[in-house]
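The block underneath contains the structure these notes are about, expressed in structure tokens.
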Amino acid sequence: MSYNLTPDAEFSLLQLILYVLSFVFAVMSVCGFLFTPAGLETRPLSALRSYALIPVFLAGTILDIASLILIFKKPRIAAATGIVAAIMYVFLAPGDQAEIFFVGVPVPVGITINEIVALIASIVVLLFAPMVYLANRKSSKPLP
């Protein structure tokens with residue numbers, strides 16, 4: 001089944017996807033901040049399995065903020081960085097629930113809820129960001 005979209009309809013569909021992604025990137029940025037001790041994290045850093053994990057957690061937040069800033073100026077780059085951040089969050093939530101990152105400390109309820117929200121937002125990004133990435137490629141070959 002193929003859809004014949006007029007140029008105006010295709011433009012509006014892409015704009016709608018960009019607005020949805022900008023909202024989702026904002027949600028993921030807030031979730032990334034809430035994962036920090038300044039947010040909802042109450043577990044002590046001394047219980048962290050390795051201090052090398054701190055830059056990994058912060059990288060996801062930085063990529064979300066970068067995606068949010070770039071979504072309307074450079075949508076292809078924003079889609080790529082958003083996909084990387086979403087993949088990080090997809091692995092972060094189950095890993096934290098399995099207590100891989102913090103040793104001997106249960107996961108707080110606020111962090112669990114935050115991880116669910118971030119996981120849902122990550123799934124939305126993984127569904128829509130590839131469309132933006134492919135729609136903004138600079139290729140001389142027409143799509144089939």
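Counting just the residues of the range 9-51 that are among the hydroxyl-bearing types (Ser, Thr, Tyr) and free of Cβ contacts under 8 Å to residues at least 12 places away in the same chain, which one comes out farthest from residue 86 (Cα to Cα)?
Going through the range 9-51, the residues among the hydroxyl-bearing types (Ser, Thr, Tyr) turn out to be 12, 19, 22, 29, 36, 42, 46, 50-51.
Pick out the ones that are also free of Cβ contacts under 8 Å to residues at least 12 places away in the same chain and you get 12, 19, 46, 50-51.
Values: 12: 25, 19: 17, 46: 27, 50: 22, 51: 22 Å.
Looking at the filtered set, the residue picked out is 46.
So in the range 85-99, with the set limited to residues that are under 21 Å from residue 17 (Cα atoms) and crowded, with 18+ Cβ neighbours inside 10 Å, which one is farthest from the chain's Cα centre (by Cα)?
Out of the qualifying residues, it is 89.
For the range 91-109, enumerate the residues that are modelled with pLDDT under 95 and part of a helix (DSSP H, G or I).
91, 92, 93, 94, 95, 96, 97
Taking the condition of being under 19 Å from residue 75 (Cα atoms), of a type outside the set (Phe, Trp, Tyr) and over 13 Å from the mean Cα position of the chain (by Cα), how many residues in the range 8-50 meet it? First the steps, then the outcome.
At the first step, the residues of the range 8-50 found to be under 19 Å from residue 75 (Cα atoms) are 8-29.
Imposing the further condition that a residue be of a type outside the set (Phe, Trp, Tyr) reduces the set to 8-10, 12-18, 20-22, 24, 26-29.
When the remaining residues are screened for being over 13 Å from the mean Cα position of the chain (by Cα), the result is 8-10, 12-18.
Within the range 8-50, residues that are under 19 Å from residue 75 (Cα atoms), of a type outside the set (Phe, Trp, Tyr) and over 13 Å from the mean Cα position of the chain (by Cα) number 10.
The values are calculated or read from the model by the stated rules, or taken from the named source; none is laboratory data. This one's a predicted model, so the numbers in the text were calculated from it and none came from an experiment. When we count neighbours, we look across all protein chains shown, and the Cβ atoms used for this are built from the backbone with ideal geometry, even at glycine.
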